[in-house]
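Peer 1: I'd like to ask some things about the structure below.
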Amino acid sequence: MSKLTQLLCLADLSQEQVTHLLDLALEIKRDPDRFSTALKGRSIALLFEKPSLRTRVSFDVGIHKLGGHSVYLDQQNGALGVRESVEDFGSNLACWTDAIVARVYSQKTLVQLAQSSKKPVINALSDLYHPCQALADLLTLKEQYDDLSKVHLAFVGDGNNVCHSLMLGAAILGMTLTVVTPQGFGPDAHVLLKAQALAEQSGAKLTLSQHVSAAAGADAIYTDTWLSMGGRADPALIEKLFAPYQINTAVMQRLAVKHFMHCLPAHRGQEVTSEVLDSDCSLVLQQAENRMHAQNAVLVSLFS
Ligand code: CP
Ligand code: NVA
């Protein structure tokens, strides 16, 4: 198996690498003490262009648990690329840190950071992808179902970053994934092509629809905010377009879906009702906890 060198997009990983990361995450979750010096002497930059709760805290605490040190950088000293170029920022960060975890507006910024720093860069969410989230979600489903190739996941909502990474992850692992989006909010065409090519290799079944009924019989239904951070669409228009895609108790029952998933933060009463979010079928806190274990598996793999 080739060594993990960065994590910009799940499509860069083989099935063997993704499977290994999930198995390692389970091991770290079961026996964290065994990994308590994995990042000894390492410093990792946590660079955020956008707000975060889960990603920021799970990386910070996770790095600490692996014996490393993190440096948090937000935009309070000015936006990235203004005081100095992204490339100069990256090459300077590389003088002191061993890796860069970055949440950015554009996937291109991650590539610039990776090229200029020559250090591993981990995508902590961009316009296009959220690979750390998808790894945590796959880990959560693995804990529930064990054999992911037998799992049917349905994503209902905006076909952007989180949806894209789930498509790639599901395609790599040979899962069944139904993606339901309103017209005009489907996945990016290039990402779809990538996912379809990966699905062909793995035997994954990828279906796109504009009808929530396509999610019937799925093991889990997953949704995300209707308006992503940095999104410029009119919130009133979005609310009207997305209203038929709300996940509520009636939808869960009608579609006979067992589990509910969400990357969070949730907008109660919009993409999901509190009744579903807080119900026994909701896996959202398991997903949130698993962010740390999945990311720690990535970090351990990068530095082992
Ligand atoms: N799911 C997720 O990435 O949460 P944060 O935006 O709080 O980091
Ligand atoms: N699609 C959401 C995910 C947040 C974790 C966003 O980009 O804001």
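Values quoted throughout were computed directly from the atomic coordinates according to the rules given, and no laboratory measurement underlies them. Small disclaimer: the values here were computed from a predicted structure and weren't measured. We place every Cβ from the backbone using ideal geometry, glycine too, and count neighbours over all the protein chains shown.
Peer 1: Which trypsin sites (Lys or Arg not before Pro) from the stretch 1-63 combine a DSSP loop assignment with at most 16 other Cβ atoms within 10 Å?
Peer 2: On the way: sites: 3, 29, 30, 34, 40, 42, 54, 56; in loops: 3, 40, 42.
Here the trypsin sites (Lys or Arg not before Pro) that fit, given the DSSP loop and packing criteria, are 3, 40.
Peer 1: Tell me, what is the percent relative contact order of the chain, built from C-alpha pairs under 8 Å that lie six or more residues apart? Could the numbers behind the result be given before it?
Peer 2: Values: 598 pairs, mean separation 61.4, N = 304.
Rounded, it is 20 percent for the chain.
Peer 1: Between 197, 25, 154, where does the largest GNM mean-square fluctuation fall for the chain, given springs only between Cα atoms within less than 10 Å?
Peer 2: Top of the fluctuation ranking is 197.
Peer 1: For residue 107 and residue 92 in one chain, what is 0.36 nm times their gap in residues minus the Cα-Cα distance, to one decimal in nm?
Peer 2: Details: separation 15, 0.36 × 15 = 5.40 nm, distance 2.00 nm.
Going from the current span to full extension adds 3.4 nm.
Peer 1: Please sort by residue number the trypsin sites (Lys or Arg not before Pro) in the stretch 111-163 whose DSSP state is loop and whose Cβ has at most 13 other Cβ atoms within 10 Å.
Peer 2: On the way: sites: 118, 142, 150; in loops: 118.
Passing sites in the stretch 111-163 are 118.
Peer 1: Using 7 Å Cα-to-Cβ label points, what is the residue 274/residue 190 separation (nm, one decimal)?
Peer 2: 4.2
Peer 1: Something else: Cα gyration tensor of the chain, axes a ≥ b ≥ c as square roots of the eigenvalues: rounded (a/c below 1.5), prolate (a/b > b/c) or oblate?
Peer 2: Numbers: a/c = 1.71, a/b = 1.39, b/c = 1.23.
In terms of gyration-tensor shape, prolate.
Peer 1: Quick check: residue separation of residue 74 and residue 1 times 0.36 nm, minus the Cα distance between them. What number comes out in nm?
Peer 2: Working: separation 73, 0.36 × 73 = 26.28 nm, distance 3.53 nm.
Gain on stretching residue 74 to residue 1: 22.8 nm.
Peer 1: Still on this structure, I have one more. I need the shape label for the stretch 213-269. Rule: rounded when a/c is under 1.5, else prolate if a/b > b/c, else oblate, with a, b, c from the alpha carbon gyration tensor.
Peer 2: Details: a/c = 2.62, a/b = 1.81, b/c = 1.45.
Prolate is the answer for the stretch 213-269, as a/c is 1.5 or above and a/b outweighs b/c.
Peer 1: Tell me the relative contact order for the stretch 30-187 as a rounded percent, counting alpha carbon contacts under 8 Å between residues six or more apart. Please list the in-between numbers first.
Peer 2: On the way: 259 pairs, mean separation 27.5, N = 158.
Result for the stretch 30-187 is 17 percent.
Peer 1: Ok, one more. For Cα pairs less than 8 Å apart in space and 6+ apart in sequence, what is the mean separation divided by the residue count of the stretch 133-287, i.e. the relative contact order in percent? Kindly include the intermediate steps, with their values, before the conclusion.
Peer 2: On the way: 291 pairs, mean separation 35.9, N = 155.
Taking the mean separation of contacting Cα pairs over the length of the stretch 133-287, I get 23 percent.
Peer 1: Could you give the nm distance between label points at residue 33 and residue 304, where each point is 7 Å from its Cα heading toward the beta carbon?
Peer 2: Using points 7 Å along Cα→Cβ, the separation is 1.9 nm.
Peer 1: Any idea what the dipole of the chain comes to, in debye rounded to 20, about its Cα centre with Lys/Arg Cβ at +1 and Asp/Glu Cβ at -1?
Peer 2: On the way: 25 positive and 30 negative charges, 70 e Å.
That gives the chain a dipole magnitude of about 340 debye.
Peer 1: Can you tell me how much longer the chain between residue 50 and residue 200 gets when fully stretched, taken as 0.36 nm per residue apart minus their C-alpha distance, in nm with one decimal?
Peer 2: Details: separation 150, 0.36 × 150 = 54.00 nm, distance 3.50 nm.
Taking residue 50 through residue 200 to full extension adds about 50.5 nm, to one decimal.
Peer 1: Whose amide H sits under 5 Å from the amide H of residue 98, counting only residues 5 or more places off or on another chain, with H placed in the peptide plane?
Peer 2: 43, 44, 45
Peer 1: If you don't mind, another one. Tell me which trypsin sites (Lys or Arg not before Pro) from the stretch 247-304 have a DSSP coil assignment and no more than 16 other beta carbons within 10 Å of their own. Don't skip to the answer; put the middle values down first.
Peer 2: Details: sites: 254, 258, 268, 291; in loops: 258.
In loop regions of the stretch 247-304 (DSSP not H, G, I, E or B), the sparsely surrounded trypsin sites (Lys or Arg not before Pro) are 258.
Peer 1: Sort 101-108, 212-219 by packing, meaning the average of other beta carbons within 10 Å per residue, with the highest value first.
Peer 2: Numbers: 101-108: 20.4, 212-219: 17.6.
Ranked from most to least packed, the peptides come out as 101-108, 212-219.
Peer 1: Taking H as built 1.01 Å from N, whose amide H comes closer than 5 Å to the amide H of residue 270, not counting residues under 5 places away?
Peer 2: none
Peer 1: If a/c stays under 1.5 just call it rounded; otherwise compare a/b with b/c (prolate if a/b is bigger, oblate if not). Do that for the stretch 133-287, with a ≥ b ≥ c from the square roots of the Cα gyration tensor eigenvalues. If you can, show how the numbers build up before the last one.
Peer 2: On the way: a/c = 1.62, a/b = 1.17, b/c = 1.39.
It comes out oblate by the Cα gyration axes.
Peer 1: Let me ask something additional. Please enumerate, by chain and number, the lysines with C-alpha under 21 Å from the C-alpha of residue 142, excluding those fewer than 8 residues away in the same chain.
Peer 2: Residue 142 reaches 29, 150, 205, 258.
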